[in-house]
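Peer 1: Mind having a look at this structure? Questions to follow.
The values are calculated or read from the model by the stated rules, or taken from the named source; none is laboratory data. Only a predicted model underlies this, so the values are computations on that prediction, with no experimental measurement involved. Here the Cβ positions follow ideal geometry from the backbone for every residue, glycine too, while neighbour counts run over all protein chains shown. These area figures cover heavy atoms from the full protein model, side chains too; ligands, DNA and RNA do not enter into them. Shrake-Rupley method; radii C 1.70, N 1.55, O 1.52, S 1.80 Å.
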Amino acid sequence: MKLFYSGNSPYARRPRIVAREAGLMDRIEEVDSGPLGGSDSVLFNHGPGGKVPGLLTDNGVYLCESLIICRYLNDLSGGSLLPSDPKALEDALHVDGIASLLMDSLFTRSRENRRDASEQSPGVIKIEAARAGRTYDELEKLVGGFGDTVHLGMTTIVAALGYADWRHASDDWRSGRPALAGWFEQIMQRPSMDETKPIF
Ligand SMILES: N[C@@H](CCC(=O)N[C@@H](CS)C(=O)NCC(=O)O)C(=O)O
């Protein structure tokens, strides 16, 4: 399989962590596809999106969208990154949903911040900053209930918070959220998290 990514993409980081945690790296070649956005990108050989991540399966099928790729990798590993207990599964999906919306919110605001000033929407920036703040607070409440076993929701939190450190350092998400900060520091010791962290 080939996993198309770019170095600091939080969306691409998700399946990159999942592939490592699921023990699938011996079956995956990671293809650095940056810089993104060019009309001649190699990504257009595989579909209309031109985005990372993308996964070319051994059957030659191209999968896009981080959620779908993570689901596929989890299935390939026999479901190693989602609990089988029904209530624990709901809890893991609950966390993955919240972390996903944090990632979308952070990404939307970052893209807005990088637009030319004449094209920026202060309204969007304000709405997304408030959404991110609420989401950090919710994760602070939830993190105490996490066990030691890594699941998909945790991988998404790491990708989102790592992106926040890069693009939204002024959010200072650790401030007033000691449980989340401590959990993040701990989980970043794992090779899967460390090897994929953004460089800035
Ligand atoms: N919903 C997509 C979002 C992926 C995405 O927006 N990736 C960005 C990089 S972080 C990208 O490839 N941007 C290139 C472009 O917009 O042309 C997912 O979950 O995979």
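Peer 1: Where Lys and Arg each count +1 and Asp and Glu each count -1, what net charge lies around Met1 among other residues with Cβ under 12 Å from its Cβ? Don't skip to the end; give the middle numbers.
Peer 2: Numbers: positive: Lys2, Arg27; negative: Asp26, Glu29, Glu30, Asp58.
Every neighbour counted, the sum reads -2.
Peer 1: Sticking with this one: Using a Gaussian network model of the chain whose springs link C-alpha atoms within less than 10 Å, name the residue from Ser175, Ser100, Ser66 with the highest mean-square fluctuation.
Peer 2: Result for the chain, Cα springs under 10 Å: Ser175 fluctuates most.
Peer 1: Note down the Stokes-Einstein diffusion coefficient of region 20-107 in µm²/s, whole number, using a Kirkwood radius over alpha carbon pairs, 37 °C, and 0.692 mPa s. Spell out each step's value before the answer.
Peer 2: On the way: Rh = 14.9 Å.
Translational D for this selection: 220 µm²/s.
Peer 1: Could you tell me the relative contact order of the chain? Use alpha-carbon pairs under 8 Å, at least six residues apart, and round to a whole percent.
Peer 2: Values: 258 pairs, mean separation 51.1, N = 200.
Taking the mean separation of contacting Cα pairs over the length of the chain, I get 26 percent.
Peer 1: Given R₀ = 35 Å, FRET efficiency for Gln186-Tyr62 by Cβ-Cβ distance, to 0.05? Don't skip to the answer; put the middle values down first.
Peer 2: Details: r = 36 Å, r/R0 = 1.02.
So the FRET efficiency works out to roughly 0.45.
Peer 1: Follow-up question, since we're still on this one. As an exercise, use a Förster radius of 30 Å and the Cβ-Cβ distance of Glu195 and Asp104 to find the FRET efficiency, rounded to the nearest 0.05.
Peer 2: Working: r = 24 Å, r/R0 = 0.81.
Working from the Cβ atoms, E equals 0.80.
Peer 1: Can you pull the one-decimal nm distance between simple spin-label points at Ala169 and Asp40, each 7 Å off the Cα toward Cβ?
Peer 2: Taking the simple label geometry, Ala169 and Asp40 are separated by 3.4 nm.
Peer 1: Something else now. Which is farthest toward the positive dipole end of region 1-61 among His46, Tyr11, Leu24, measuring Cα position about the Cα centre, with Cβ charges +1 (Lys, Arg) and -1 (Asp, Glu)?
Peer 2: Going by the Cα projections, it comes out as Tyr11.
Peer 1: Calculate the dipole size of region 86-191 relative to its Cα centre from +1 charges on Lys and Arg beta carbons and -1 charges on Asp and Glu beta carbons; express the result in debye to the nearest 20.
Peer 2: Values: 13 positive and 16 negative charges, 32 e Å.
Here region 86-191 has a charge dipole of around 160 debye.
Peer 1: Leaving out ligands and nucleic acids, and using a 1.4 Å probe, what accessible area per residue does the chain come to in Å²? The partial results should precede the final answer.
Peer 2: On the way: 10240 Å² over 200 residues.
Accessible area per residue: 51 Å².
Peer 1: Name the residues of region 141-165 whose amide N is less than 13 Å from a point 7 angstrom out from the Cα of His94 along the C-beta direction?
Peer 2: 141-147
Peer 1: Next question. Nearest 20 debye, what's the magnitude of the dipole of the chain about its Cα centre given +1 on Lys and Arg Cβ and -1 on Asp and Glu Cβ? List each step's numbers first, then the result.
Peer 2: Details: 22 positive and 28 negative charges, 69 e Å.
For the chain, the charge dipole is close to 340 debye.
Peer 1: On to the next question. Can you grab the distance from the C-alpha centre of region 97-170 to the C-alpha centre of region 1-41, Å, no decimals?
Peer 2: Measuring centre to centre over Cα atoms gives 20 Å.
Peer 1: Per residue of the chain, what 222 nm ellipticity follows from adding -39500 (n - 2.57) for every DSSP H run with n ≥ 4, rounded to the nearest 500? It would help to have the intermediate numbers written out before the result.
Peer 2: Working: 7 runs with 104 residues, N = 200.
Value at 222 nm, helices only: -17000 deg cm²/dmol.
Peer 1: Estimate the FRET efficiency between Met25 and Ser118 by the formula 1/(1 + (r/R0)^6), using the beta-carbon distance for r and 35 Å for R0, to the nearest 0.05.
Peer 2: Numbers: r = 45 Å, r/R0 = 1.28.
Working from the Cβ atoms, E equals 0.20.
Peer 1: Can you send over the carbon and sulfur percentage of the accessible area for the chain, probe radius 1.4 Å, protein chains only? Please report the intermediate quantities before stating the final value.
Peer 2: Working: 5240 of 10240 Å².
Of all accessible area on the chain, carbon and sulfur atoms account for 51 percent.
Peer 1: Follow-up. Pairs on different chains or at least eight residues apart, Cα atoms closer than 25 Å: how many lysine pairs in the chain fit? Show your work: numbers first, answer last.
Peer 2: Working: Lys2/Lys51; Lys2/Lys197; Lys51/Lys197; Lys87/Lys141; Lys126/Lys141; Lys141/Lys197.
The number of close lysine pairs in the chain is 6.
Peer 1: Rank Gly47, Gly153, Gly97 by mean-square fluctuation in a GNM of the chain with C-alpha springs under 10 angstrom and give only the top-ranked residue.
Peer 2: It is Gly47.
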